[in-house]
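Report on the structure given below.
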Amino acid sequence: MHGTWTLIKLAVRRERLTTPAWILLLAVLAAGQASRYAQTFTTPQMVADFAREMTANKALTAFAGQVYSPTIAGMAVWKNADAIYTILALIAILTIVRHTRAEEESGRAELIRAGAVGRFAPLTAALTVTGVSMLLAGLVTALSMAKLGFDVTGSLAFGAAVTGIGLVFTAVGALAAQLTEGARTTVGLAALGLGVSYLARFIADGAGSTALKWATPHGWAHLVQPYAANSFAALLPALALTLIAVAAAYRLCARRDLGHGVIAQRPGPAHAPRLTSPLALAWRLHKGLLTGWSIGYTVAGLVLGALALSIPEVSRQGASVQEFLNRYTAADTATMTDAYLWLISLSLGYVAALYPLLAVLRLRAEESTGRAELLLAHPVSRLRWAAGHLVFALAGPVVILTLAGLAMGIAVGDPLGVLPGTLVQVPAVWVLAGFATAVFGLLPKAAAALSWAAFLFVNLFGEVLGPIIGIDYWIAKYFVPFPNLPMVLSGEGFAAGPILIMTGLTAALVAAGLTALNRRALV
């Protein structure tokens, strides 16, 4: 453990800006929603009516979870808790990987270990800083809710649920860092666990299965039931899983070599006759990512499509139901199932926006590690090199959204019926690909930070922050591409205008990024 305190101070210095920012963001999400509901529902009866309407809406129940407390605080937790849990889990994974596997991959960990630093010091420092950040996130969330005058015990229960899921995925990220050799692979492996946790909770609430919720970290956080049962005991499985994963991470850290993972990478062939072009090399680098996303989206399409068969039609009375239908349907004849299928398609599009960002950031990884320089020393132009990766950044979303649409259609008994709803998301996803390409060409050192910021902005502003801070949806359309898409599954005809605008914007951004890449120095 020698040197742990010094490494903790180093990690705190590196996180001094980002950690307070996301903790504040989570507090705003929690308290902002509660404050908005307090202004909207002025009597207990109004809150009770809203809770009853939301309980009847099985589509929203699958997304947000069950309503446990028909109060302002309870409904605010119902609305945003799952988003907070998922965002925090992703932040925990990225933070722990940044201070463990990424440090080894870059070679900095080897330089540090050359000094008087113990074998377990880097892992301990990373776990300490990330774990304390999760505790602070829960504490600030609880204080922000209590500050608004809500029940202190319920606020503490909510904060405990936030901390609990954050600690679980901190440990999961630390364990994944011991298993693999690359930071991207580590994030992908831990994110797979996050996706499975969310999907299992989604299915559990969609099907009304409490037993299934006990099998997933997201379910444990929901079962705390803030402002209702306040069951802190529901977090005992989270504590147990955290301790087991941390112990396993230390055990593996003691047995592996620095820079290597327990799962050894297979060496490539001595000769690769198929690697005859930058596109062939890009395929070799991206095929794993594309395959994983394709399998994940196919499974998600089958599961989410099957849940559509259990969505009942509800009365169109009530302001909340009307608001939901107005947002996700475009015709009075659209059913709740139509709204659900469009909402699922839209959600898959929001998540799919991450794929092109990862594909474009592979360009940055190739550049920063020096591999691009070795490749460009041969008769390969920068544009050909970048174009090989951009093919997958642009074609990848088409593939995964097509598979998801077909899978959902098969699940609902109409193989091609849902496909237009998923494919129409592609131009909006491409806008994020264009943005990532532009920042890679113009601001390469900030490409990763800006790309992740764009992804979080689009998802949070489009579906969460906009409503919380009271911004009308038509104003939000100027900043997020997805709300501008025609709702082809819920009563709206296909409109080529938004599609052409987004495609043109993507082309302009890609052109700007490639032009800048062709003129700047490799850094």
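The values are calculated or read from the model by the stated rules, or taken from the named source; none is laboratory data. On a predicted model such as this, the values are computed, not experimentally measured, just so you know. All Cβ positions, even for glycine, are placed from backbone atoms using ideal geometry, and neighbour counts span all protein chains on display. What goes into the accessible areas is simple: the full protein's heavy atoms, side chains included, and nothing from ligands, DNA or RNA. Shrake-Rupley method; radii C 1.70, N 1.55, O 1.52, S 1.80 Å.
Put a plus charge on the Cβ of each Lys and Arg, a minus charge on the Cβ of each Asp and Glu, and nothing anywhere else: the dipole of the chain about its Cα centre is then about 1720 debye. Where in the chain are the helices, taken as whole DSSP H runs, whose Cα atoms extend 30 angstrom or more along the long axis and whose Kyte-Doolittle mean reaches at least 0.5? Once both thresholds are applied, what remains is 18-40, 72-98, 121-147, 152-179, 183-207, 278-308, 382-412, 496-519. The packing ranking of peptides 396-406, 57-67, 90-100, highest mean first, is 90-100, 396-406, 57-67, where packing means the average number of other beta carbon atoms within 10 angstrom of each residue.
Per residue, the Cα convex hull of the stretch 6-115 amounts to 113 Å³. Carbon-plus-sulfur accessible fraction, the stretch 219-295 (probe radius 1.4 Å, protein heavy atoms only): 63%.
With 19 Å as the cut-off, how large is the P(r) tail for the stretch 80-131, expressed as percent of Cα-Cα pairs? That fraction is 36 percent. Restricting the calculation to alpha carbons of the stretch 395-434 gives Rg and Dmax of 10.6, 36 angstrom.
Ligands, DNA and RNA are left out, and with a 1.4 angstrom probe the accessible area of the chain is 43 Å² per residue.
Roughly how many percent of the accessible protein surface of the stretch 328-480 is carbon and sulfur, given a 1.4 Å probe and a whole-percent answer? With neighbouring chains kept in place, the figure for the stretch 328-480 is 71 percent.
In this Cβ point-charge picture (+1 for Lys and Arg, -1 for Asp and Glu), the stretch 92-189 has a dipole of about 80 debye about its Cα centre.
If packing is taken as the average count of other Cβ atoms within 10 Å, what order do 492-504, 74-86 fall into, highest mean first? Could you put the intermediate results ahead of the total?
Working: 492-504: 13.4, 74-86: 24.6.
Packing proxy ranking, top to bottom: 74-86, 492-504.
When peptides 423-436, 159-172 are sorted by average Cβ neighbour count within 10 Å, with the highest value leading, the order is 159-172, 423-436.
Pairs Lys79/Lys213; Lys9/Lys147; Lys58/Lys79: which are spaced more than 25 Å apart, C-alpha to C-alpha?
With Cα atoms farther than 25 Å apart: Lys9/Lys147.
Mind listing P(r) for the stretch 361-400? All alpha-carbon pairs, 10 Å bins, whole percents. The percentages, shortest bin first, are 28, 50, 19, 3.
Mean residue ellipticity, 222 nm, helices only, the chain: the sum of -39500 (n - 2.57) across DSSP H runs of n ≥ 4, divided by residue count and rounded to 500, is -24000 deg cm²/dmol.
Carbon-plus-sulfur accessible fraction, the stretch 150-215 (probe radius 1.4 Å, protein heavy atoms only): 76%.
Listed by chain and number, the lysines whose alpha-carbon sits under 29 Å from that of Lys287, ignoring those within fewer than 8 places in the same chain, are Lys445.
Taking 7 Å steps out from each Cα toward its Cβ at Leu10 and Ala512 produces label points 3.7 nm apart.
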